[in-house]
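These notes are about the structure you will find just below.
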Amino acid sequence: MSMEWREEPIMLPAFLRPAPDSMALQFRRCGGNPRLHALNLLWSLWVFVTPLVSTVHASFWWSVAIGYPLFVLLFALVHVRPQREVNIYVAGMAMLAILSLPYNPSAWSYTVFACVYVPYEGSLRATGMRIAMIVSVTLLEAWWVGMPWFAMVLMVAVCVSAASGSLAGRLNMQKNAAQRLSQDEVRRLAATAERERIGRDLHDLLGHTLSLITLKLELSRKLFDRDHEAARRELAEAEGIARNALAEVRAAVTGIRATDLAAELASAHLMLETRGVVMRYEPPGRALPADVETVLALVVREAVTNIARHAHATRTDVEMSVERSVLNLCIRDDGRGGLDAFGNGLAGMRERVEGLGGTLRVDSPRDRGTTLHVTVPLPARNAAPRADTPVEAMPTQLTGTPQGGWS
């Protein structure tokens, strides 16, 4: 018997468990790792630098022994507590810096963290004023305790640059989150529209057909005792109608398969449009095998994500064509090029494509854009079943595919 080892979750006090709108869970939703982000805490070790450059007194060690554990707690609370409480913990960091600065000149590191985590609440002006107020109060106290002018200049420069970088990162994270919501909405609307289309198609296909079959069968039952030949004709017509309905249902089910790729293309168009990139694309002109469509949708998603994040492009073209049972997909942008052909994202795409017996090639000369070529072999189409095909020779799975057809 094999034993599966599972990591036991760390039991934290209730006040240290991440709230639904906490910064830690926001990083996780954006694909980040909150534990790696916690490595920023290493920058706080600057508070221990003073003994390396000057003589310190016992008050320095007391300020570190009391202040640093309190700072670590505030750092944790900023990441796990609800957003409405973050201002309190930021104010605590700033106050800790003010109280510690007379005893530890390096305590202005706490001010840097306070500036970094000032919440953005929809107004750049209000956020900037809070950062300016924190820096100004710390600068005033630094002047009062006699800090050298070059140290004060360094403090202001580090606080402003760190705060600006953090604010830009959070604005970008919010923008990406809004884009993901928009893409999810596009997929949801596409799925809803597709369900409605399927409902209409099935109603149109089966409603009239089943009524007609019922009428034919009822007529044949009434004719059975009086006219065997007429009853036989009605049964044959009902059988033919049923076979035609079966072929039409198969065609409708096959048409459903292209919806995932179409939804992914629509979502990609929305993503690039919000980045100011013009995207021209055309949905596939024919139904594709389910496995091929899934891989192509993932390739489109990965390629468009790379374009949005790294290419600095203004235009993207997505072209699909089928020649001699081979599907050709070409995704081209006019960005800066220089793409690593062996990066993790491309490696994953290449593995999926090669798993279908296809190939993936990347042309990405620097400053000349990037072109992604994908070729995938397609199985031969099956002819639609004829109305006089014996029932025994027809596949039994209506939701599946004809034997030898799409897989």
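In region 306-340, what residues are farther than 10 Å from Thr370 by Cα, assigned to a loop (DSSP other than H, G, I, E, B) and under 24 Å from the mean Cα position of the chain (by Cα)?
Those that are farther than 10 Å from Thr370 by Cα, assigned to a loop (DSSP other than H, G, I, E, B) and under 24 Å from the mean Cα position of the chain (by Cα): His312, Thr314, Asp340.
Here are some residues: Phe113, Phe150. Which one is of a type in the set (Phe, Trp, Tyr), within 26 Å of Asn172 (Cα to Cα) and in a helix (DSSP H, G or I)?
Phe113
Just for region 76-97: of the residues that are charged (D, E, K, R) and surrounded by fewer than 19 Cβ atoms within 10 Å (Cβ to Cβ), which one is farthest from the chain's Cα centre (by Cα)?
Among those residues, the one meeting the criterion is Glu85.
Rundown of residues vs (1) of a type in the set (Asp, Glu); (2) modelled with pLDDT of 80 or more, yes/no style:
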{"position": "Asp201", "(1), (2)": "yes, no"}
{"position": "Thr214", "(1), (2)": "no, yes"}
{"position": "Glu229", "(1), (2)": "yes, yes"}
{"position": "Arg232", "(1), (2)": "no, yes"}
{"position": "Ile241", "(1), (2)": "no, yes"}
{"position": "Asn244", "(1), (2)": "no, yes"}
{"position": "Ala251", "(1), (2)": "no, no"}
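Checking the structure you have, find out if any residue of region 331-340 is at pLDDT 85 or above and closer than 28 Å to Arg250 by Cβ.
Within region 331-340 (the criterion being at pLDDT 85 or above and closer than 28 Å to Arg250 by Cβ), the answer is no, since none of the residues qualifies.
For every residue, the table says whether it meets (1) of a type outside the set (Ser, Thr, Tyr); (2) assigned to a helix (DSSP H, G or I); (3) at pLDDT 75 or above.
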{"residue": "Ala19", "(1), (2), (3)": "yes, no, yes"}
{"residue": "Gln26", "(1), (2), (3)": "yes, yes, no"}
{"residue": "Leu36", "(1), (2), (3)": "yes, yes, no"}
{"residue": "Trp43", "(1), (2), (3)": "yes, yes, yes"}
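For region 94-118, what are the residues that are out of contact with any helix residue (DSSP H, G or I) (no Cβ under 6 Å at 6 or more places or on another chain), farther than 23 Å from Val53 by Cα and not aliphatic (A, V, I, L, M)?
Across region 94-118, there are no qualifying residues.
Any residue that is at pLDDT 80 or above, part of a helix (DSSP H, G or I) and within 39 Å of the chain's Cα centre (by Cα) - is there at least one of those in region 48-66?
no
Within region 255-278, does at least one residue satisfy the condition of being buried (at least 17 other Cβ atoms within 10 Å of the Cβ), at pLDDT below 85 and among the polar types (S, T, N, Q)?
yes
Can you name every residue in region 74-89 that is within 16 Å of Ala107 (Cβ to Cβ) and of a type in the set (A, V, I, L, M)?
Within region 74-89, just Leu74 meets the criteria.
Here is a list: Val295, Val299. Which entry is assigned by TED's automatic domain parsing to the domain that holds Thr359 and under 24 Å from Asn176 (Cβ atoms)?
Just a single option satisfies the conditions, and that option is Val299.
Tell me the residue from Ser106, Ser123, Ser100 that is exposed (fewer than 15 other Cβ atoms within 10 Å of the Cβ) and in the same structural domain as Ala58 (by TED's automatic domain parsing), please.
Ser123
The values are calculated or read from the model by the stated rules, or taken from the named source; none is laboratory data. Here the structure is a predicted model, which means the values were calculated and not measured. A quick note on method: Cβ atoms are made from the backbone with ideal geometry, for glycine too, and the neighbour counts reach across all protein chains shown.
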